[in-house]
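Participant: Got a structure for you, questions after.
The values are calculated or read from the model by the stated rules, or taken from the named source; none is laboratory data. Computed from a predicted model, the values in this text were never measured in an experiment. Using ideal geometry, Cβ is built from the backbone for each residue, glycine included, and neighbour counts are taken over all protein chains shown.
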Amino acid sequence: MAEPLSDIGLTGLAVMGQNLALNIADHGFRVSVHNRTTATMEKFVAENPSTPGGLAGYAGLKDFVASLKRPRKIIIMVKAGAPTDAVIDQLVPLLEPGDIIIDGGNSNWNDTIRRERDLKAKGIRFIGSGVSGGEEGARFGPSLMPGGEYEAYKEIEPIWTAIAAKVDAATGKPLTGAKPGQPVQGGVPCCTYIGPNGAGHYVKMCHNGIEYGDMQLICEAYWILTHVLGMTAPQCSEVFAEWNRGVLDSFLIEITADILQQKDPYTGGYLVDCILDTAGQKGTGKWTSVNALDMGVPANTIAESVFARFMSAIKEERVAASKVLQGPAAAKFDGDRKQFLEAIHDALYSSKICSYAQGFQLMREAQKEYNWTLKFGEIAMIWRGGCIIRARFLQKIKEAFDRDANLPNLLLDPYFKSEIDRCQTNWRRVVAEAALRGVPVPAFSSALAYYDGYRSERLPANLLQGQRDFFGAHTFERTDRPRGKFFHIDWPEPSRPIIEV
Ligand code: NBP
């Protein structure tokens, strides 16, 4: 008897592809799978003989494509960049108009815009879908951020919403307990149509930028706990575990508490104290920061988080500099420890609000740039589960955009405004204490500078414009004249006449 046709195909069976294929099959969909290296596909299929939907392995792309129901839906889960283009080029001659290619990799949104346009000209529909949550998310429920033609998304929507992470409708908390072959039942899927062409991959990139910010902010809180309050790793672990019961409740705080109490199998000490302090990055945080610079959006906390990784990476240089450069003498902390602990909590929380405000501002600007209409409340909603930044906090962001879909900045929402009002004295105290003690907190301080900058009616850019006009005749606008009217001083002229441009 002929094999049944599959609901969907997936090519690229590394860690993400395998887990995503199993997730899809767990929801009763039959999945055809393919990998450039056939042995990987054969091993994967042999190891998973009885999934609810079934896996069918194909060595050749022609047979793989022929095994799919029409319109064919093919997920590409290969290394982002040239490999994705290579796979698309191999697939296109085998497809028919109306078929759908879905790129689930971490592709740059500009590539997605280009691919969607080029494929549309050939009659092939293209979805660029952010897939968040790493290996675990792919296996038991990622946060999914699909972008492309809406009608094409509707074709994959039943599969996409089935495999996405689910959260409780009332609390927004992720539904847990999925096991192989037994996905969670019910709940609200962490998946929504994001917008045309590259919108899904763009939003995924912003998610990653925000993730960089969250991680760096947590690291700075840990550094203050250890370097101002002198806490040990397990003591810090208890603090984070406690914080995880309040407004900071999130996956990243939870794993931080766990990591900090992990013993080191080699030394018997704590693992975190044995991990070399140099961090890498794969690019999406950098893309977010570069894009913020390109679009002129102040996303300084996210960018500082990327720079902090770069600073960590120049370990040898830092070691050499530490022997030469002086900071303040480290006095023992003699303040109220309980109060200062609360202050660190509030500094972390306020900085986090600013980091998210920047991420959402970036997306606001991008929608103008790329002619998208992004639904920010829905974006916050689908990040509540299945991704690294999942947090109770996202429910509050969703509520803020429910109150005002056109909110210009999260800081202006009444809830977040009152939270910052409540926390800002503590936040300032922590940043000041860190500065006085020479403890580097680039993301905490840049978030505070962002807050103070954003709430400033006037900034010293008046002088800056004067300087620009002095050396480059760049002209300036005046406080007492309408916007758009430009002036210039003829600086070299002794009488320095003012010229209306
Ligand atoms: P990798 O990014 O490590 O890519 C490995 C896969 O790409 C293998 O299947 C490999 O085939 C295939 N491949 C390569 Br490399 N070059 C190819 C080519 N020219 N033609 C065909 N296939 C090619 O896999 P991953 O870590 O599973 O990630 C997959 C995608 O998901 C990436 O875009 C990644 O950025 C994204 N992502 C990853 C994570 C994560 O936590 N890892 C999270 C979210 C998103 P082979 O077996 O023959 O070498």
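Participant: Based on this model, can you work out whether GLU96 counts as acidic (Asp, Glu), under 25 Å from GLY137 (Cα atoms) and more than 12 Å from the ligand (Cβ to nearest atom)?
Facilitator: So GLU96 does not fit the description; no.
Participant: Mind telling me which of the residues LEU68, LEU175, LEU119 ends up being in contact with a Ser or Thr (Cβ under 9 Å, 6 or more places away or on another chain), farther than 20 Å from ALA14 by Cβ, hydrophobic (A, V, I, L, M, F, W, C) and more than 16 Å from the ligand (Cβ to nearest atom)?
Facilitator: Testing whether each residue is in contact with a Ser or Thr (Cβ under 9 Å, 6 or more places away or on another chain), farther than 20 Å from ALA14 by Cβ, hydrophobic (A, V, I, L, M, F, W, C) and more than 16 Å from the ligand (Cβ to nearest atom) leaves just LEU68.
Participant: Would you check if there is a residue in segment 9-29 being of a type in the set (S, T, N, Q), free of Cβ contacts under 8 Å to residues at least 24 places away in the same chain and not in a loop (DSSP other than H, G, I, E, B)?
Facilitator: No, the conditions are met nowhere in segment 9-29.
Participant: In addition: I'm trying to understand the selection: among the residues of segment 275-303, which are touching a Phe, Trp or Tyr at 6+ places or on another chain (Cβ under 7 Å) and either farther than 13 Å from GLN361 by Cα or crowded, with 20+ Cβ neighbours inside 10 Å (or both)?
Facilitator: Matches in segment 275-303: GLY285, ASN300, THR301, ILE302.
Participant: Moving on to the next point. Look at segment 124-149 and say how many of its residues are assigned to a helix (DSSP H, G or I) and either in the same structural domain as ASN371 (by TED's automatic domain parsing) or among the basic types (Lys, Arg) (or both).
Facilitator: Count: 1.
Participant: If VAL501 satisfies every condition in (1) surrounded by 12 or more Cβ atoms within 10 Å (Cβ to Cβ); (2) touching a Phe, Trp or Tyr at 6+ places or on another chain (Cβ under 6 Å) but one, which is the exception?
Facilitator: Failing condition for VAL501: (1).
Participant: Could I ask something else about it? Kindly indicate whether GLY9 is surrounded by fewer than 24 Cβ atoms within 10 Å (Cβ to Cβ), within 16 Å of the ligand (Cβ to nearest atom) and modelled with pLDDT of 95 or more.
Facilitator: For GLY9, the condition - surrounded by fewer than 24 Cβ atoms within 10 Å (Cβ to Cβ), within 16 Å of the ligand (Cβ to nearest atom) and modelled with pLDDT of 95 or more - is not met.
Participant: Assess whether GLY453 counts as being of a type in the set (Gly, Ala, Ser), out of contact with any Asp or Glu (no Cβ under 8 Å at 6 or more places or on another chain), in a loop (DSSP other than H, G, I, E, B) and touching a residue at least 40 places away in the same chain (Cβ under 8 Å).
Facilitator: no
Participant: Still on this structure, please answer the following. Residues that are more than 11 Å from the ligand (Cβ to nearest atom) and over 22 Å from the mean Cα position of the chain (by Cα): does segment 135-150 have at least one?
Facilitator: yes
Participant: What number of residues in segment 194-214 are in a loop (DSSP other than H, G, I, E, B), on the phi < 0 side of the Ramachandran plot and crowded, with 24+ Cβ neighbours inside 10 Å?
Facilitator: 2
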